[in-house]
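The values are calculated or read from the model by the stated rules, or taken from the named source; none is laboratory data. Bear in mind that the values here come from a model prediction, so they are computed numbers and not experimental data. Methodologically, a virtual Cβ is constructed for each residue, glycine included, from the backbone with ideal geometry; neighbour enumeration extends over all protein chains shown.
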Amino acid sequence: MSKYIIFGSALIIILAFFVLLSIALVKTENVPAGAGVNSEFGEVMVQPKLAPDFEITTLLGDTLRLSDLRGKVVMIEFWASWCPPCREEAPDIARVYNKYSDQPLEFIGIDVWDQYDRAMAFVEEFSIDYPTATDSTGEILVNYGIRGIPEKYFINKQGYIVGKFVGPSKPGKLEEMLDMLLLSN
């Protein structure tokens, strides 16, 4: 009797895994998310679509909902403290954010595959002033189809994803994208 229980339990676990995998593939339009550092760099063309909404608690304990930022340009940056390209670009992103602080613009940092204390140390080390949170469940990663880090999504004032950068970005390209989005209705 016990071998049937063990077999049944194993079968349920395997089926649950495939159900979760299927849900993830449907949510990411058949683009599986992977846990790695991006080897492809630059701007990636995207079909404009409504950005998946989320609510997160920042590392400082504040609650942030993406949909509350409608009317602002938003850049969502996916990163991790252990990621060399993320560390390379962090000072530039912090500078660009501060440069645009008087504009209708918000950056959101989403820390992935990391530990809270390391994420906080990263934020402090690079003087990151924009809201930063950890995607502890991985739901945001799945909903955005993240394949590696760093990745940045650009959302227009109406809440649509209109741009994506894969890999570390240069400040000039980042500013060019932000300027374009700030000037558009």
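Quick notes on this one:
- Residue check for V142: buried (at least 19 other Cβ atoms within 10 Å of the Cβ) and part of a strand (DSSP E or B): no
- Test: residue in the range 145-167 that is in a helix (DSSP H, G or I), farther than 12 Å from V74 by Cα, in the same structural domain as V96 (by TED's automatic domain parsing) and not hydrophobic (A, V, I, L, M, F, W, C): no
- All positions within the range 93-130 that are touching a Pro at 6+ places or on another chain (Cβ under 6 Å) and part of a loop (DSSP other than H, G, I, E, B): F126
Results for (1) over 13 Å from I93 (Cβ atoms); (2) surrounded by fewer than 17 Cβ atoms within 10 Å (Cβ to Cβ), shown as yes or no for each residue.
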{"residue": "I108", "(1), (2)": "no, no"}
{"residue": "D111", "(1), (2)": "yes, no"}
{"residue": "Q115", "(1), (2)": "yes, yes"}
{"residue": "A119", "(1), (2)": "yes, no"}
{"residue": "T132", "(1), (2)": "no, no"}
{"residue": "G138", "(1), (2)": "yes, yes"}
{"residue": "K157", "(1), (2)": "yes, no"}
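- Number of residues in the range 140-159 that are of a type in the set (D, E, K, R) and modelled with pLDDT under 95 equals 1.
- For the range 81-92, the set of residues classified as of a type in the set (A, V, I, L, M, F, W, C) and part of a helix (DSSP H, G or I) consists of C86, A90, listed by residue number.
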